[in-house]
Amino acid sequence: MKNKLRPLDVIMAHPDTLKKIKVVNELDRGLLDTIQWGFTFHPDEENNTRQLDVCDGVEIDWSSNEGFNDVVDYVKQATVPPVFPVAGLAEHTISLRRLVNAQPEIVREGEAWTSGITHHLKDVLGVAG
């Protein structure tokens, strides 16, 4: 049972898993709010998520390694731009989830995607990373 989740895991998480996340900072709140708006606009998007084995009060681990700008650039090009405050971020998150789902597990679990997605989300959510 996990007690820490990567931002990439949170993007992929089922709503029941999301309920168990402890909000520690504004970055956590921003990501969770954006994901919830995505489910509001697209209720069937829940079908593209995963139930994760996590404990109650699981936290998001925003730590990441430097570099991996190629992943950050790729994600920016392959997802819906988050142009409009609420809807844009929600649509962006949905497109990011679909992009991540399209990757083989070996890619999703790799350091490049873990760090690249974390840097990308910090940028999108307005936190220098």
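Taking the criterion of being surrounded by fewer than 19 Cβ atoms within 10 Å (Cβ to Cβ) and among the small types (Gly, Ala, Ser), the residues of the stretch 108-127 that qualify are Gly110, Ala112, Gly126. Evaluate the following for Asp44: is it acidic (Asp, Glu), within 12 Å of the chain's Cα centre (by Cα) and either crowded, with 16+ Cβ neighbours inside 10 Å or under 21 Å from Ser95 (Cα atoms) (or both)? No.
Taking the stretch 1-11 as the range and being part of a loop (DSSP other than H, G, I, E, B) and charged (D, E, K, R) as the test, only Arg6 passes.
Does Gly67 meet the test of being surrounded by fewer than 20 Cβ atoms within 10 Å (Cβ to Cβ), in contact (Cβ under 8 Å) with a residue 40 or more places away in the chain and closer than 15 Å to Thr93 by Cα? Against the criterion (surrounded by fewer than 20 Cβ atoms within 10 Å (Cβ to Cβ), in contact (Cβ under 8 Å) with a residue 40 or more places away in the chain and closer than 15 Å to Thr93 by Cα), Gly67 does not qualify. Restricting to the stretch 87-129, give me the number of residues that are part of a helix (DSSP H, G or I), closer than 13 Å to Ser64 by Cβ and not basic (Lys, Arg). Residues that pass the stated criteria total 12.
Are any of the residues in the stretch 25-34 farther than 18 Å from Lys122 by Cα and either buried (at least 17 other Cβ atoms within 10 Å of the Cβ) or touching a residue at least 60 places away in the same chain (Cβ under 8 Å) (or both)? Among the residues of the stretch 25-34, not one is farther than 18 Å from Lys122 by Cα and either buried (at least 17 other Cβ atoms within 10 Å of the Cβ) or touching a residue at least 60 places away in the same chain (Cβ under 8 Å) (or both), which makes the answer no. Sub-7 Å Cβ pairs linking a first residue in the stretch 1-21 that is under 19 Å from Gly110 (Cβ atoms) and in contact (Cβ under 8 Å) with a residue 40 or more places away in the chain to a second residue that is in a helix (DSSP H, G or I) and not β-branched (Val, Ile, Thr), at least 6 apart or interchain, are Pro7/Leu31; Pro7/Leu121; Leu8/Arg108; Leu8/Trp113; Val10/Leu31; Ile11/Leu96; Ile11/Arg97; Met12/Arg97, ordered by first then second residue. Trp62 falls short on exactly one of the conditions (1) part of a helix (DSSP H, G or I); (2) within 12 Å of the chain's Cα centre (by Cα), and that condition is (1). What tally of residues in the stretch 77-102 results from selecting those that are farther than 20 Å from Asp33 by Cβ and loosely packed, with under 13 Cβ neighbours inside 10 Å? Going through the stretch 77-102 one residue at a time, the tally reaches 3. Under the condition of being aliphatic (A, V, I, L, M), in a helix (DSSP H, G or I) and either at pLDDT below 95 or farther than 13 Å from Asp61 by Cα (or both), the residues counted in the stretch 12-43 number 4. Would you confirm, using the coordinates I've provided, whether Gln51 is surrounded by fewer than 20 Cβ atoms within 10 Å (Cβ to Cβ), more than 18 Å from Leu125 (Cβ to Cβ), of a type in the set (S, T, N, Q) and touching a His at 6+ places or on another chain (Cβ under 7 Å)? Yes.
The values are calculated or read from the model by the stated rules, or taken from the named source; none is laboratory data. Keep in mind the model is a prediction, meaning the values are calculated, not measured. Heads up, the Cβs are rebuilt from the backbone with ideal geometry, glycines too, and the neighbour counts pull from every protein chain shown.
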